[in-house]
Amino acid sequence: MRSTLIDIAREAGVSSATVDRVLNNRTGVKERTREVVMDAARRLGYVSAGSPAGFVDSRVRLDFVLPAGTNTFIANLLQQLESQAATRPDLDVRIHSIEGFNPDTLARTLHDLHGQTMGVGVIALDHPTVREAMRSLSAAGVPIVTLVSDILHVPRIGYIGIDNRAAGRLGGYLLGRFLGHGVKRKVALFAGSLSYRGHEEREMGFRHIIADEFPDLEVVELREIRDDRDRAFEEATALFRRHPDLAGIYNIGAGNSGIGRALVESGLAKDVIFVGHELTEHTKMLLLSGVMDAVIDQNPRVEAREALSMLSLTAKGRPIDYHPPRLQVIFRENIPET
């Protein structure tokens with residue numbers, strides 16, 4: 001198991017940024033410090049005896065932990081991380097796809113990265129075991145960024161994603177404007193899991209604006225579908241049987257294609273206003289067919305770029321230059337070219 005820059009930094013009693021400067025033969029390091037760092041690197045087997053500074057593979061290893069499953073947005077984010085990393089010769093990026101709704105699996109994966117990585121990006125469940133794993137990694141000197149869904153009160157260098165409470169308010173505003181005022185109507189919510197803070201924040205934002213501005217709308221159910229399209233289809237079909245007069249749906253997470261299929265097969269596609277998240281090939285087709293009315297989008301290309309930049313700059317001891325992704329509403333009439 002090869003040592004990392006973090007191991008060398010700990011052995012030499014310096015920062016990982018100093019180790020990076022020494023191994024890449026950069027200026028700004030005292031000669032005695034260079035000797036200490038190179039001695040530590042040789043003892044740990046990172047470089048062979050007699051290797052001069054600047055002679056080693058100095059790529060920054062970054063690890064991303066993402067949920068597996070049928071979530072097309074996550075698949076797009078993964079593809080963007082891989083394709084953008086391939087254009088960065090300074091990076092060695094590895095992606096771990098794990099069971100998305102099991103906090104113990106996520107915590108175990110994070111613990112396994114100790115001594116193996118120089119930075120971690122994670123879509124994290126807000127759970128005690130996950131928070132403790134993140135604290136442990138950070139205490140070992142590993143910078144962490146949260147992606148898509150944030151976790152508070154843990155040491156991370158940043159959150160890369162949209163304001164999820166604002167996104168939920170936007171979803172409620174769109175549904176309320178589509179349905180109008182003056183008539184009592186039923187609406188329902190779908191979520192991947194409220195264990196994701198981002199999904200919880202979207203629900204809160206949605207409920208707040210409905211209560212404040214659209215009191216005629218009644219939220220009759222909230223179903224958690226684990227971002228799975230087959231489960232979404234089953235839950236939506238059962239929902240329509242219980243509430244044949246349902247007027248609107250806001251899907252907080254993934255599974256839009258399953259809900260769309262249920263709307264079509266139940267004969268409700270033209271009667272129920274359907275608002276969801278993320279522009280994918282599935283939601284494009286739902287918009288074009290009129291099954292879906294609006295999509296609130298965040299750009300996975302931008303999020304991948306910012307995550308790679310934030311972690312690599314931190315590992316190299318350089319200042320962060322962050323450009324957050326922006327919310328965008330997509331209708332059938334303004335679907336962007338790919």
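Every read-out reported here was derived from the displayed coordinates using simple, explicitly stated rules and does not represent laboratory data. As the structure is a prediction and not an experimental result, all values here were calculated from the model. So basically every Cβ, Gly included, is an ideal-geometry build from the backbone, and we count neighbours across all protein chains shown.
Please list, in order along the range 216-223, the HN-Hα scalar couplings obtained from phi with the Karplus expression 6.51 cos²θ - 1.76 cosθ + 1.60 (θ = phi - 60°), rounded to whole Hz, x for Gly and Pro.
3J(HN,Hα) across the range 216-223, in whole Hz: 6, 8, 10, 7, 8, 8, 10, 10.
Given Cβ point charges of +1 (Lys, Arg) and -1 (Asp, Glu) and nothing else, what value in debye, to the nearest 20, does the dipole of the range 5-44 about its Cα centre take?
100 debye
Using the C-alpha atoms of the range 5-44, what convex hull volume per residue, in cubic angstrom, is computed?
Spread over its residues, the Cα hull of the range 5-44 gives 53 Å³ apiece.
If you plug each phi of the range 142-159 into the Karplus form 6.51 cos²θ - 1.76 cosθ + 1.60 with θ = phi - 60°, what whole-Hz ³J(HN,Hα) values come out, in order, with x for Gly and Pro?
Values, residue by residue: 8, x, 10, 10, 8, 10, 6, 10, 8, 10, 8, 6, 10, x, 9, 7, x, 10 Hz.
Hey, if you put +1 on the Cβ of every Lys and Arg and -1 on every Asp and Glu Cβ in the chain, which of 18, 262, 5 ends up farthest toward the positive end of that dipole?
18
Would you pull out the residues with amide H under 5 Å of residue 59's amide H, same chain only if 5 or more places away, H placed 1.01 Å from N?
HN-HN under 5 Å from residue 59: empty list.
Given R₀ = 56 Å, FRET efficiency for residue 332-residue 44 by Cβ-Cβ distance, to 0.05?
After rounding, the FRET efficiency stands at 0.45.
Cα-based count: Lys pairs in the chain below 20 Å, eight or more positions apart or different chains?
So the count works out to 4.
Between the range 123-192 and the range 284-338, what is the separation of their alpha carbon centroids in Å?
15 Å
Assuming a ≥ b ≥ c are the square roots of the Cα gyration tensor eigenvalues, decide whether the range 164-297 counts as rounded (a/c under 1.5), prolate (otherwise, with a/b larger than b/c) or oblate.
Rounded.
Taking θ = phi - 60°, what integer Hz values does the Karplus form 6.51 cos²θ - 1.76 cosθ + 1.60 yield along the range 206-212, in sequence order, with x for Gly and Pro?
4, 5, 5, 6, 5, 5, 7
On a full-extension model of 0.36 nm per residue, what is the gain between residue 90 and residue 216, subtracting their alpha-carbon distance, rounded to one decimal in nm?
39.8 nm
Tell me, Kirkwood radius of the chain from alpha-carbon pair distances, in Å?
Evaluated on the chain, it is 21.6 Å.
Starting from the amide H of residue 100, placed 1.01 Å from N in the peptide plane, find each other amide H under 5 Å away whose residue is 5 or more places distant or on another chain.
68
Only helical DSSP H runs with n ≥ 4 go in: add -39500 (n - 2.57) per run for the chain, normalise by residue count and round the 222 nm mean residue ellipticity to 500 deg cm²/dmol.
Counting only the DSSP helices, I get -13500 deg cm²/dmol.
Report the residue, chosen from 321, 104, 150, that carries the largest GNM mean-square fluctuation when the chain is represented by alpha-carbon nodes joined by springs under 10 Å.
For the chain, modelled as a Gaussian network with Cα springs under 10 Å, the answer is 321.
Grab the Cα-Cα distance for residue 271 and residue 27, subtract it from 0.36 nm times how many residues apart they are, and report the gain in nm with one decimal.
Separation in residues times 0.36 nm, less the Cα-Cα distance, equals 81.1 nm.
Might you report the magnitude of the Cβ-based charge dipole of the range 130-245 about its Cα centre, with Lys and Arg at +1 and Asp and Glu at -1, to the nearest 20 debye?
Here the range 130-245 has a charge dipole of around 60 debye.
Can you order the peptides 186-194, 89-97 by their average number of other Cβ atoms within 10 Å per residue, highest first?
So the peptides 186-194, 89-97, ranked by packing, come out 186-194, 89-97.
Which length gain, in nm to one decimal place, applies between residue 99 and residue 135 when the Cα-Cα distance is subtracted from 0.36 nm times their residue separation?
Going from the current span to full extension adds 10.9 nm.
Of the candidates 169, 242, 261, which one comes out as most mobile in a Gaussian network treatment of the chain with C-alpha springs shorter than 10 Å?
Most flexible of the set in this elastic network: 242.
Would you pull out the residues with amide H under 5 Å of residue 95's amide H, same chain only if 5 or more places away, H placed 1.01 Å from N?
64
When you count, for each residue, the other Cβ atoms within 10 Å and take the mean per peptide, how do 276-283, 119-126 rank with the highest first?
Listed from highest to lowest mean packing, they are 119-126, 276-283.
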